[in-house]
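The values are calculated or read from the model by the stated rules, or taken from the named source; none is laboratory data. Note that the structure is predicted; figures quoted are calculated from it, not measured. All Cβ positions, even for glycine, are placed from backbone atoms using ideal geometry, and neighbour counts span all protein chains on display.
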Amino acid sequence: MKLTKSRVDAIKACKSERLYWDNELKGFGLRVSPKGRKTFFVQYRSGKRTRRAKIGTMGPLTPDLARLQARTLLGEVAGGDDPAEARRKRRLTPNVSALCDRFLDEHVSVHLKPQSQYNYGQVIRDAIKPAFGPLKIPDITRADVTALHQAYKDRPYQANRILSVLSKMFNLAELWGYRAEGTNPCRLIQRFKENKKERFLSDDELIRLSEILSESEANGDESAFVVAAFRMLILTGCRSSEIQNLKWEYVTSTHLELPDTKTGKRSIPLPDAARKILASLPRSINNAFVFQGTIPGQPVTDLGKPWRRIRKKADLEDVRIHDLRHTYASKAISGGMPLVMVGQLLGHTQYQTTLRYSHLADAPIREAANTVASALSLTMQSSSKNKKFLRVIK
């Protein structure tokens, strides 16, 4: 019979499941359960198998609407698709939260450094899972990612890190078969402009900071290890993680031989002033780290809190720990050191990273330009007076 609303409404439930076929559209049918639930479906062949794809239940759907959807599904079958298999795969496809967990377990923990692992985990925990966690991986669109990116527009650096993590994660989602190739929803989304902070300490500020470091150690406000760590950061231009995780076995008479840093194995020249600081520190047979923390056998785990106390006393509350590295670079470049050499001292693997300090190298050139311009200006003024004098004589 033709499945119409009145005929479907009149069908009563039986003790067993019953199927009713539509005589207008081949393959379109109605399944009635023993409890009276009426479900529309379409039946077709895929290869040598007979498959059924659910359309919907009577009530939310009318027979006419269900028939229209059945025609669409049968059209897909005629084109070589298998709607039932596609729906089965979609049902088994994990959500974004599960993708995040696999991404952290199989990629981040294997290929990234500990600090990067922490940063990725923080982005996923605080931004990505709350926004997309329950959603199916194929359902995330470019509009969804754009909306999340825009939500952090007042924090451009964080917004761009979220976008980078998402992009890498969805690239792997394609590799793992969760999304079709070339469907990364992060493609073509323009990143926000990041204004890199370049805070350098002046000579007066360095003197003030050094005095506060000495006072903090003398008063017992900060440990000798914490104060020495900050002095080493100033004198070597190292990253804070490189100093915090420094072991005595890495220290030689001329260098710090670090086996694993952000940029891989690194050999850092050890200047005399830095060597004196290391020589002043006590050693412990039970602690392999140079800058010991409060936990036995462990290094200083947090320089952030003592730094906030120290910079407040020194009236340098806008200065970050990383700015000590910037100060090292600024001193080197303004002193005439070539950018390539500065990059080697800082452990940069990309020359572009060092170029951010290139404007500092212009100081001698600007000074020379001022000297030349001043000489030319005096000449022109003198010439102007001579012309005026000649006019008066005439």
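Annotations for the structure displayed:
- Condition met for F200 (of a type outside the set (S, T, Y), surrounded by 15 or more Cβ atoms within 10 Å (Cβ to Cβ) and at pLDDT 90 or above): no
- Test for R52: is it at pLDDT below 90 and in a strand (DSSP E or B): yes
- Flag if A159 is small (G, A, S) and more than 20 Å from R308 (Cα to Cα): yes
- Checking S16 against (1) exposed (fewer than 14 other Cβ atoms within 10 Å of the Cβ); (2) among the polar types (S, T, N, Q); (3) closer than 22 Å to A173 by Cα, the condition it does not meet: (3)
- Subset tally (residues that are without any contact (Cβ under 8 Å) to a residue 60 or more places away in the chain, within 19 Å of H107 (Cβ to Cβ) and in a helix (DSSP H, G or I)) for segment 146-177: 11
- Some residue of segment 221-243 being over 16 Å from D302 (Cα atoms), surrounded by fewer than 16 Cβ atoms within 10 Å (Cβ to Cβ) and assigned by TED's automatic domain parsing to the domain that holds R283: no
- Any hit, segment 273-286, residues being out of contact with any Gly (no Cβ under 9 Å at 6 or more places or on another chain) and in contact (Cβ under 8 Å) with a residue 60 or more places away in the chain: no
- Here I285 meets each of (1) exposed (fewer than 14 other Cβ atoms within 10 Å of the Cβ); (2) among the aliphatic types (A, V, I, L, M); (3) closer than 18 Å to F230 by Cβ with one exception, condition (3).
- R45 falls short on exactly one of the conditions (1) surrounded by 18 or more Cβ atoms within 10 Å (Cβ to Cβ); (2) in the same structural domain as F28 (by TED's automatic domain parsing), and that condition is (1).
- Filter result (within 24 Å of the chain's Cα centre (by Cα) and closer than 17 Å to R325 by Cα) within segment 238-262: C238, R239, S240, S241, E242, I243, Q244, N245, T261, K262
- Whichever residue in segment 315-359 is more than 25 Å from the chain's Cα centre (by Cα) and of a type in the set (S, T, Y) and, among such residues, is farthest from I234 (Cα to Cα): S358
- Residue among S33, S97 that alone is within 30 Å of S164 (Cβ to Cβ), of a type in the set (S, T, Y) and without any contact (Cβ under 8 Å) to a residue 60 or more places away in the chain: S97
- Residue match in segment 23-33 (condition: in contact with a Phe, Trp or Tyr (Cβ under 9 Å, 6 or more places away or on another chain) and closer than 30 Å to P134 by Cβ): yes
- C186 meets the stated requirement of being more than 30 Å from E317 (Cα to Cα) and crowded, with 16+ Cβ neighbours inside 10 Å.
- Qualifying residue in segment 96-105 (condition: aromatic (F, W, Y), in contact with a helix residue (DSSP H, G or I) (Cβ under 9 Å, 6 or more places away or on another chain) and part of a strand (DSSP E or B)): no
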